[in-house]
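First the structure, in the form of structure tokens, and then the observations on it.
The values are calculated or read from the model by the stated rules, or taken from the named source; none is laboratory data. Remember, it's a predicted structure, so these values are computed and weren't measured experimentally. All Cβ positions, even for glycine, are placed from backbone atoms using ideal geometry, and neighbour counts span all protein chains on display. Just so you know, the surface numbers come from the protein's heavy atoms only, side chains and all, with ligands and any DNA or RNA stripped out. Shrake-Rupley method; radii C 1.70, N 1.55, O 1.52, S 1.80 Å.
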Amino acid sequence: MIPGSPMQRVPAAAHNAASSIHVAHSLANALDALSEWGSAGAVFAGGTWIMRSPIRHEPLREHYVAIGRIAELGAVRIGTDVVEIGPVVTHAALAAALADLPEFNVLAAAAGRSANPAIRAMATIGGNLATPGFAAADCVPALLCLDAEIEVAGREGRERMKLEHFLQIRSTLAPGRLVTQIVVPRSERKTAHARLPLRKAGDYPVAIVSFSVSVDAAGRVQAARIAVGSVEPVARRWERLEAALIGRQLDAEGAARTATELAEEFVGRDGVDAPAWYRVSVLPSLVRRAAAAALGA
Ligand SMILES: Cc1cc2nc3c(=O)[nH]c(=O)nc-3n(C[C@H](O)[C@H](O)[C@H](O)COP(=O)(O)OP(=O)(O)OC[C@H]3O[C@@H](n4cnc5c(N)ncnc54)[C@H](O)[C@@H]3O)c2cc1C
């Protein structure tokens, strides 16, 4: 029994099932449940990754703590300096909330074009960031290029870290800790998200380029953050390409040519959807698309 109700315990369904799902109505209650169950428990957000565990031949956890009804984790707050995003905000809700903020085009597109409408109505931004084995997550490179920070909480308190650091530690996040907020700074920038799915809606992208630049009055690049997803096991910034663009007039063809020269630094991952070499080979054209879209923004 979990201390500190309100709570609801729903017996989970039969085959290969978790033995319980605890529906938390407050963050404190979720933290209590998670820390009581330790490594036998895990967060259940949209459930779109967890529900496919059998397909990936992964065992389910014994206990899940559903966090989708915790009001404080479900808001998008648009401030003057930062945008704060609760982890249970769905992809669809996030895309809608950011629709009128051009500086966030990259994240609105990542959230608004991933998967298909049914999944976008369920899958959460926190689940997208917190799933260790998910290389093709759209929101991860988008948030890397926006310089996002992640707040992680446990019963002992909260801490804030760069998304890069969170990606390094997420697979070893201690039981009882969860993502409670994503904080994205606001600034004048042009951003875009380019992804390559092999077939129509529903497929994971084989490669992703998320692009953010600030340009001066003459169109020269003052600052650049470019992130690549789905090519390697974990999304990361393309710092050599960023550095090569600084001080130059931004043009999509030039950026793609530079990307061709630098793409060999990526060690692609083989997958059933695409071989490693293919993921790397499409990067220059994704850079071209992203730069053109950012210029048009
Ligand atoms: C057919 C299909 C196609 C898809 N295509 C895409 C796509 O193209 N691009 C894309 O980005 N996504 C896509 N998705 C969604 C993606 O694969 C994941 O399912 C989704 O990102 C997981 O989010 P969730 O809220 O459902 O997480 P859940 O399934 O609830 O949880 C996933 C993992 O994250 C952990 N977790 C969840 N929230 C937190 C938190 N706040 N703190 C700590 N840990 C947490 C859980 O414990 C679990 O380990 C697709 C999904 C499907 C089913």
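Going by the conditions given, is I85 outside the structural domain of R237 (by TED's automatic domain parsing), in contact with a strand residue (DSSP E or B) (Cβ under 6 Å, 6 or more places away or on another chain), farther than 24 Å from R269 by Cα and more than 10 Å from the ligand (Cβ to nearest atom)? Here the answer is yes, as I85 does meet what is asked.
Considering R269, R257, R220, R248, the condition of being within 20 Å of R195 (Cβ to Cβ), of a type in the set (K, R) and not assigned by TED's automatic domain parsing to the domain that holds L144 is satisfied by R269 alone. Taking segment 20-47 as the range and being part of a loop (DSSP other than H, G, I, E, B) and either surrounded by fewer than 20 Cβ atoms within 10 Å (Cβ to Cβ) or of a type in the set (S, T, Y) (or both) as the test, the residues that pass are H25, S26, G47. Against the list (1) in a helix (DSSP H, G or I); (2) modelled with pLDDT under 95, the condition A217 fails is (1). Selection within segment 273-297: residues that are closer than 17 Å to V234 by Cα and in a loop (DSSP other than H, G, I, E, B). The member of this set that is least open to solvent (accessible area, probe 1.4 Å) is A274.
Every residue, every condition in (1) within 16 Å of the chain's Cα centre (by Cα); (2) open to solvent by 30 Å² or more (accessible area, probe 1.4 Å); (3) more than 8 Å from the ligand (Cβ to nearest atom), yes or no:
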site: D81; (1), (2), (3): no, yes, yes
site: A118; (1), (2), (3): no, yes, yes
site: N128; (1), (2), (3): yes, no, no
site: G133; (1), (2), (3): yes, yes, yes
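If you take the residues in segment 15-43 that are out of contact with any strand residue (DSSP E or B) (no Cβ under 8 Å at 6 or more places or on another chain) and farther than 22 Å from R158 by Cβ, which one is modelled with the highest pLDDT? Taking the candidates together, the pick is A17. Checking each residue in segment 220-255 for being in a strand (DSSP E or B), farther than 19 Å from L143 by Cα and open to solvent by less than 10 Å² (accessible area, probe 1.4 Å) picks out only V221. A97 - would you say it is touching a Pro at 6+ places or on another chain (Cβ under 8 Å) and not assigned by TED's automatic domain parsing to the domain that holds A17? When the stated conditions are applied, A97 does not pass them.
I'm trying to understand the selection: among the residues of segment 177-214, which are outside any strand (DSSP E or B), within 16 Å of the ligand (Cβ to nearest atom) and touching a residue at least 12 places away in the same chain (Cβ under 8 Å)?
R177, L198, A201, G202, D203, Y204
In segment 104-116, the qualifying residues are those that are in a helix (DSSP H, G or I) and open to solvent by 30 Å² or more (accessible area, probe 1.4 Å), and the one that is nearest to the ligand (Cβ to nearest atom) is R113. The residues in segment 57-91 that are within 16 Å of V140 (Cα to Cα) and of a type in the set (G, A, S) can be counted, and the count is 1.
Within segment 151-176, the set of residues being among the charged types (D, E, K, R) and open to solvent by 50 Å² or more (accessible area, probe 1.4 Å) comprises R155, E156, R158, E159, R160, K162, E164. When the residues of segment 205-219 are filtered to those that are within 14 Å of A291 (Cβ to Cβ) and of a type outside the set (F, W, Y), the one that is surrounded by the fewest Cβ atoms within 10 Å (Cβ to Cβ) is G219.
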